[in-house]
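Here the structure comes first, spelled out in structure tokens, and everything after it is commentary.
The values are calculated or read from the model by the stated rules, or taken from the named source; none is laboratory data. This one's a predicted model, so the numbers in the text were calculated from it and none came from an experiment. Cβ sites come from the backbone with ideal geometry, for glycine too, and all protein chains shown count toward neighbours.
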Amino acid sequence: MKRASWLWAVSLSLLGWVPSPLLAQSCAYSGAIAPAPTTRTYRNSELGFAFDIPANYRAMGLANGRVAFYDPATFEYVQCAVRNGQTVRVAPAATLYVNYTPLPESNLVALTQRVRPWLVLYQPTYEPIADSAPEAAAPGPIPVLRYQYVHEIYGNTVVARSFRSPNGQWLVTVEGAANSPVLPLVLPLPLSSLQP
């Protein structure tokens, strides 16, 4: 039986067919590319909000409604690694998380602490962002809660911004490293306030 399997594999390779893992390319990561000085709008039509990101950054959908934001070089590296079954060892500039549990609380700090109870261990400083969008926006900006903490295991400072989806049902959080070029731009607006 082993000989038949071996002969079958040799026959396939002689015909030019080689299993894809044998053809997988190596993915090299050359480092992040600086964010463009201009921005573009990231729109989340499912949840009904938008915010700006650096113009050269890309959004990548992940499992459970998460979205990762990458610079172009990192995005290409991650795409290559996924296609070739390799482990990705770079973090996104920021990640968007959605809590799809009904949220009765109206206070954004209490809501964030209920959805992310482990934050209590890190004792973050919460800072509501007043007027989190340009004055010309109508209807008004979505209230945003900014907070940061030092991750106990990794020792890095994490900055986060949490807000309710425009329909008020879900908590959306975007977080990343303190030097993320995406996070200062997370000033969400309802899609209804933007021109098509």
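Some points to look at:
- Verdict on residue 69 being modelled with pLDDT of 90 or more and touching a Phe, Trp or Tyr at 6+ places or on another chain (Cβ under 6 Å): yes
- Qualifying residue in the range 114-123 (condition: closer than 25 Å to residue 55 by Cβ and either touching a Ser or Thr at 6+ places or on another chain (Cβ under 9 Å) or modelled with pLDDT of 85 or more (or both)): no
- Annotation: of all residues in the range 45-73 being part of a strand (DSSP E or B) and more than 12 Å from the chain's Cα centre (by Cα), the one that is nearest to residue 172 (Cα to Cα) is 49.
Per-residue answers, yes or no, for (1) among the basic types (Lys, Arg); (2) outside any helix (DSSP H, G or I):
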| site | (1), (2) |
| --- | --- |
| 34 | no, yes |
| 81 | no, no |
| 88 | no, yes |
| 114 | yes, no |
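- Only residues that are without any contact (Cβ under 8 Å) to a residue 24 or more places away in the chain, surrounded by 15 or more Cβ atoms within 10 Å (Cβ to Cβ) and more than 21 Å from residue 177 (Cα to Cα) were counted in the range 66-94, giving 1.
- Output for the range 142-163, where each listed residue is β-branched (Val, Ile, Thr) and within 17 Å of residue 50 (Cα to Cα): 142, 144
- Of note, residue 42 satisfies the criterion of being modelled with pLDDT of 95 or more, touching a Phe, Trp or Tyr at 6+ places or on another chain (Cβ under 9 Å), closer than 25 Å to residue 178 by Cβ and not aliphatic (A, V, I, L, M).
- Subset of the range 169-189 (residues that are under 20 Å from residue 112 (Cα atoms) and touching a Gly at 6+ places or on another chain (Cβ under 8 Å)): 183
- Conditions (1) buried (at least 19 other Cβ atoms within 10 Å of the Cβ); (2) over 15 Å from the mean Cα position of the chain (by Cα): number failed by residue 181: (2)
- Of residues in the range 90-107 being outside any loop (DSSP other than H, G, I, E, B), of a type outside the set (A, V, I, L, M, F, W, C) and in contact with a helix residue (DSSP H, G or I) (Cβ under 9 Å, 6 or more places away or on another chain), the one farthest from residue 165 (Cα to Cα): 97
- Odd one out for residue 180, checked against (1) outside any loop (DSSP other than H, G, I, E, B); (2) closer than 15 Å to residue 52 by Cα: (1)
- In the range 95-126, residue surrounded by the most Cβ atoms within 10 Å (Cβ to Cβ) [restricted to those that are touching a Lys or Arg at 6+ places or on another chain (Cβ under 9 Å) and of a type in the set (A, V, I, L, M)]: 96
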